1. Being away from the ligand (no atom under 14 Å from the Cβ) and assigned to a strand (DSSP E or B) is the filter here, so list the residues in segment 81-107 that pass it.
2. Does any residue in segment 168-189 that is in contact (Cβ under 8 Å) with a residue 40 or more places away in the chain come within less than 7 Å, Cβ to Cβ, of a residue that is of a type in the set (D, E, K, R) six or more places away or on a different chain, and which pairs are these?
3. Residue check: is Glu63 under 18 Å from Gln159 (Cα atoms) and either more than 16 Å from the ligand (Cβ to nearest atom) or surrounded by 15 or more Cβ atoms within 10 Å (Cβ to Cβ) (or both)?
4. Looking at Ala154, is it aliphatic (A, V, I, L, M), over 16 Å from the mean Cα position of the chain (by Cα) and farther than 19 Å from Tyr216 by Cβ?
5. Report every pair of residues separated by at least 6 positions or lying on different chains whose Cβ atoms are under 6 Å apart, first residue within segment 108-135 and at negative phi and away from the ligand (no atom under 11 Å from the Cβ), second among the hydrophobic types (A, V, I, L, M, F, W, C) and not in a loop (DSSP other than H, G, I, E, B).
6. Against the conditions (1) free of Cβ contacts under 8 Å to residues at least 60 places away in the same chain; (2) part of a loop (DSSP other than H, G, I, E, B); (3) hydrophobic (A, V, I, L, M, F, W, C), where does Val192 fall short? Just the number, please.
7. Mind telling me which of the residues Pro149, Pro205 ends up being outside any strand (DSSP E or B), surrounded by fewer than 20 Cβ atoms within 10 Å (Cβ to Cβ) and away from the ligand (no atom under 13 Å from the Cβ)?
8. For Leu222, indicate whether it is modelled with pLDDT under 95, aliphatic (A, V, I, L, M) and either under 19 Å from Glu147 (Cβ atoms) or open to solvent by 40 Å² or more (accessible area, probe 1.4 Å) (or both).
Amino acid sequence: MKILTSIIGFCLLVSTALAQDRATYAPVPEHISAPSGGAPPSDAIVLFDGSGLDAWSRTADGEAARWRIDGDAMTVERGMGTIRSKQNFGDMQLHVEWRPSDVIEGSGQSRGNSGVFLHGLFELQVLDSWDNDTYVNGQAASIYLQEAPRVNVARAPGQWQSYDIIFTAPKWQGDELLSPAYLTVLHNGVLVHNHVEIQGSTFTPQPEYRAHCGLYSSEERLQDCTDKLPIILQDHGQVVSFRNIWVREL
Ligand code: MG
């Protein structure tokens, strides 16, 4: 018995020594504050917190964004225009909260439709998908016309919802695409896409990757699309509000 105890003790000493051999002490991860009560983590780039639309401009003409601000929310109504972030981003973590109007007008794609366009090209659909039939790769949290969400986590109209998005940007070497974009999404805290490959722009008639493309346009392919690009929020003609939008570059 004494011999067995000694052997076990020796083995524990060896395994501890091996573990310590693999332990690393640098670099030490930066300590940041966790998101709390609607406040973003301390290392986030805040794109909208209710204080103004300075981080956004109108996609069509670059003029000032004109969405309506009420408290900590901004709201798009028909004709206010699709907007884009002034800052461009590559790989990122993006948090967006959104709320379709509690006044139900229209159905299918005409009910609470907006969208979060990653890289200005790939639409993560915003739609009131509470008891609202439409094609599944066009419902809330779909990668538009490419991938339905794994589940429908939609809340009732008028309630705030959230997207937490991990976006891996496409990688280019000159005009050659080295790797496509990937998307991981949590809708209201529930995983709906897990590192899904994006087939290409969702706005064009067919999905496509182009080194020169049009942001929110299938016509004007003037933009260099091989580097960082903006986030776009869509005016689809319905009333949808957004709040608490922040990014962490990866
Ligand atoms: Mg949309």
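The values are calculated or read from the model by the stated rules, or taken from the named source; none is laboratory data. Only a predicted model underlies this, so the values are computations on that prediction, with no experimental measurement involved. All Cβ positions, glycine included, derive from the backbone under ideal geometry; neighbour counts span all protein chains shown. SASA here: full protein model, heavy atoms, side chains in, ligands and nucleic acids out. Shrake-Rupley method; radii C 1.70, N 1.55, O 1.52, S 1.80 Å.
1. Arg84, Ser85, Phe89, Met92, Gln93, Leu94, His95, Glu97, Arg99
2. Listed pairs, sorted by first residue: Thr168/Asp91; Ala169/Asp91.
3. no
4. Yes; evaluated as a whole, the condition is true for this residue.
5. If the second residue must be among the hydrophobic types (A, V, I, L, M, F, W, C) and not in a loop (DSSP other than H, G, I, E, B), the pairs left are Leu118/Phe167.
6. With respect to (1) free of Cβ contacts under 8 Å to residues at least 60 places away in the same chain; (2) part of a loop (DSSP other than H, G, I, E, B); (3) hydrophobic (A, V, I, L, M, F, W, C), Val192 is out only on (2).
7. After applying the criteria, what remains is Pro205.
8. The answer is yes for Leu222.
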